[in-house]
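What follows is calculated from the coordinates using simple rules that are stated; it is not laboratory data. Here the structure is a predicted model, which means the values were calculated and not measured. Ideal geometry is used to build each Cβ from the backbone, glycine not excepted, and the neighbour counts take in all protein chains shown.
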Amino acid sequence: MWMMQIRELKDYVLFDLETTGLSPDTDAIIEISALKVIGGEVVDEFSTLVNPCMHIPYMASSVNGITDDMVQDSPKIDEALREFAAFIGDSILVGHNIKNFDLRFIQRDAVNILGKPIPNEYVDTLAVARRYLPELSSRSLEALAYHYSISYDGAHRALADCHINKKVYDCLMKEMASPSEAAKALKTCPKCGNIMKKRSGIYGEFWGCSGYPDCRYTEDC
């Protein structure tokens with residue numbers, strides 16, 4: 001799986017997870033939701049709670065409202081992940097901060113259950129926001145919803161977050177079509193469109209793509 005070039009998409013699956021915590025080493029998925037988008041419109045939904053076979057800590061429940069009682073009769077991750085994989089097919093995946101969070105959980109469980117990682121290309125809306133909204137101090141989903149005057153009601157449940165993220169992505173596509181002067185001034189990777197960052201190596205400074213390790217493009221300073 002690798003992050004595809006930042007560009008406008010009309011057909012994709014947008015997804016989100018809720019988990020027992022922040023670590024893919026010790027925590028588990030407790031909810032998976034997704035929207036299938038064709039021609040820019042939502043045509044189907046997928047959503048399931050997941051029994052993590054472990055206690056859901058209070059801190060997680062205080063954020064997403066999901067409790068042990070709510071998941072006790074829900075499918076376990078092997079069934080839920082197979083249903084999710086069937087729903088997404090070979091679609092491009094979209095989500096917010098999925099590169100560093102959601103996909104780490106999904107790929108861990110895909111290897112354990114399916115015997116291989118999910119190969120779909122993906123676009124992380126956090127990377128898109130960094131590219132096209134450099135003036136914002138925060139690019140969390142909540143901050144982006146506020147920036148675009150999108151209701152944040154029901155947030156931190158996976159399906160609600162998917163619908164919020166869909167509206168945010170629609171707004172970001174308009175930014176791509178007509179970038180601000182601040183966005184135009186950024187140095188970007190000619191291969192994937194991510195922001196280039198100045199880094200230091202054994203031979204001195206160089207420009208490296210922020211999409212690393214998916215994109216390994218570099219330039220001399």
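Assorted remarks:
- Here is the size of segment 133-200 from its Cα atoms: Rg then Dmax, 14.1, 43 Å.
- Gaussian network model of the chain, Cα within-10 Å springs - most flexible of 84, 15, 206: 206
- Loop-located GluC sites (Glu not before Pro) in segment 87-173 (DSSP state not H, G, I, E or B) with no more than 14 neighbouring Cβ atoms inside 10 Å: 135.
- Interchain or long-range residues, amide H under 5 Å from residue 97's placed H: 125, 126, 127
- In a DSSP loop and with at most 15 other Cβ atoms within 10 Å, there are no GluC sites (Glu not before Pro) in segment 176-221.
- Set of aspartates and glutamates with alpha-carbon distance to residue 191 below 14 Å, sequence-local pairs under 8 removed: 214, 219
- Unpaired Cys in the chain, meaning no second Cys C-beta under 4.7 Å: 53, 162, 171, 221.
- Take every Cα pair under 8 Å whose residues are at least 6 apart in sequence, average their separation, divide by the length of the chain, and the relative contact order is 21 percent.
- With viscosity 0.890 mPa s and temperature 25 °C, the Kirkwood radius over alpha carbon pairs of segment 85-157 converts through Stokes-Einstein to a diffusion coefficient of 176 µm²/s.
- Contour minus Cα-Cα distance for residue 187 and residue 146 (0.36 nm per residue): 12.1 nm
- J(HN,Hα) series, segment 189-199, from Karplus relation 6.51 cos²θ - 1.76 cosθ + 1.60, nearest Hz, glycine and proline x: 6, x, 8, 10, x, 6, 5, 8, 10, 6, 10
- Here's the list of lysines a cross-link from residue 167 could span, going by alpha-carbon distance under 24 Å and ignoring same-chain residues fewer than 8 apart: 10, 36, 99, 184.
- Quotient of C-alpha Rg and 2.2 N^0.38 Å, computed over the chain: 1.06
- Long-range tail of P(r) for segment 1-118 (Cα pairs > 19 Å, %): 46 percent
- Helix axis angle, 77-88 relative to the chain longest principal axis, alpha carbon, degrees: 50 degrees
- Two-site label geometry, residue 174 and residue 153: point separation in nm, points 7 Å out along Cα→Cβ: 2.1 nm
- Compared with the dominant Cα axis of the chain, that is its longest principal axis, helix 103-114 is turned about 50°.
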